[in-house]
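Inspection log for the structure reproduced underneath, given as structure tokens.
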Amino acid sequence: MVHPVLNKRKYLAYYLSAWAGIGFVHAVVLNHFYGFTHLISCTDSIVFYSLFGIIAIGLWYTVKYSDLNKPRWFDLVLNHSGAAAITLIIWYFTAYFLLRQMFAENTDYMNFLSLSIPWRLTIGMFLYVLIILIYYLVISYRNLQEKIENEADLKSIVKETELSLLKSQINPHFLFNSLNSISSLTITNPAKAQEMIIKLSEFLRHSIGHKEKQMITLAEEIDHIILYLDIEKVRFGDRLSYNLDISEPCRNFELPNMILQPLFENAVKHGVYESTNEVSISFTCEPFTDGIKIKISNNFDLEATPRKGNRMGIKNIANRLRLIYQRDNLIKTNKSNSIFEVEMILPKLP
């Protein structure tokens, strides 16, 4: 832990200014109330308070290595009592020796110097306690700041870990579905299975290349989505179609990595899987107040038996958005007639 006075020039300037102020008051008192000359008053003040200022810098190291977390108050008081006694003795007698060398012929001042021992030591003790308390306050403040920073770092680590966990829950979901599709196609249509494997490898290469990124542009995310949809089209053919309508300002907007894929997975799972007719997935993005608004919709067969699902994809997205944007109202769903729609608002991060 660095010295609070010597750490920066401005702190040293404040420190010297404080001692200069104390010394000025002392000199005025000697000159005005005791009638000593300006020379004697100023010299007395400079010698005594310059010495104490130098000694006070060294007192930091006494305080620095005192453990207040598990204090033994008796030992603490005993240590500081001894340190105070040594400090005051060295301070007073060093100043006395220097002033005696300079004003030995001034009998009145030398008598005053000898008689002033009690109140000078009282002032010295007050200054010692004040400086020690200030040093302890500095240490307490720094410990508090360090604790706050550590807690912030810990929260950040927990947040990143939770986000990584949520993303890891998304990636296997798609991979398992794709592998199951390939397994089926190897029997019914080997050529399509081969095509799907090639596209899947491109998809995974793209995923791995962006794995460590927390935020990517919408254009990058859409490229990823198109790979996913092309993989599914290998299996479903004309039963699956999609339309992407993206306004130009949206393309470079940064959003959480892999935030859209679960929505398209749900559209395929609850649309194409459940219907024998063509299912169209529509994606639109337009600028919104300090961000963008995204809509993903798909038609579905009202008469089809709904597939079981735990809505984990939507939950994961809501949790990720809450962690990243600190808001709970950024995604909502609407199901009416034969259309399922998801609306997502993504604010611009500072």
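Distant-in-sequence amide contacts of Ile216, defined by a placed amide H-H separation under 5 Å and a gap of 5 or more residues or a different chain, comprise Leu255, Asn257. A Gaussian network model of the chain, with springs between Cα atoms under 10 Å, assigns the largest mean-square fluctuation among Gly237, Gly35, Gly23 to Gly35. The simple spin-label model puts a point 7 Å past each Cα toward its Cβ; for Asn243 and Ile187 those points are separated by 3.7 nm. Other residues within the sphere of radius under 15 Å centred on the Cβ of Thr289, judged by their own Cβ, net out at 0 (K and R +1, D and E -1).
With contacts taken as Cα pairs under 8 Å and at least 6 residues apart, the range 9-151 reaches a relative contact order of 24 percent.
Taking a virtual spin label 7 Å from the Cα of Asn111 along the C-beta vector, which residues in the range 6-49 bring their backbone nitrogen under 15 Å of it? Counting backbone N atoms under 15 Å from the label point, the list is 34-36. The angle between the Cα long axis of helix 190-209 and the main principal axis of the chain comes to about 10°, on a 0 to 90 degree scale.
Extension gain for the segment Met1 to Thr276, taken as residue separation times 0.36 nm less the Cα-Cα distance, is 91.9 nm to one decimal.
Within the chain, antiparallel bridges make up roughly 80 percent of the DSSP beta bridges whose residues both belong there.
Here the label points at Val129 and Leu144, each 7 Å from Cα along the C-beta direction, are separated by 2.3 nm in the simple model. Put simply, the amide H of Glu286, placed in the peptide plane, has neighbours under 5 Å in Lys293, leaving out anything fewer than 5 places away on its chain. Roughly how tilted is helix 73-103, in degrees to the nearest 10 and between 0 and 90, from the longest Cα axis of the chain? Once rounded, one gets 50 degrees. With a Förster radius of 41 Å applied to the C-beta separation of Leu78 and Tyr14, the computed FRET efficiency comes to 0.80. Note on Tyr136 and Lys293: their simple-model spin labels are 6.0 nm apart, each label 7 Å out from Cα toward Cβ. Relative to the longest principal axis of the Cα atoms of the chain, the long axis of helix 117-188 makes an angle of roughly 10 degrees. Residue by residue, the range 14-30 carries 3J(HN,Hα) couplings of 4, 4, 5, 5, 4, 5, 4, x, 4, x, 5, 4, 4, 5, 4, 5, 4 Hz when phi is fed to the Karplus relation 6.51 cos²θ - 1.76 cosθ + 1.60 (θ = phi - 60°); x denotes Gly or Pro. Working note: 222 nm ellipticity from helices only, DSSP H runs with n ≥ 4, each -39,500 (n - 2.57), summed and divided by the residues of the chain, gives -23000 deg cm²/dmol to the nearest 500.
Every read-out reported here was derived from the displayed coordinates using simple, explicitly stated rules and does not represent laboratory data. Only a predicted model underlies this, so the values are computations on that prediction, with no experimental measurement involved. As a convention, Cβ positions derive from the backbone with ideal geometry for all residues, glycine included, and neighbour counts pool all protein chains shown.
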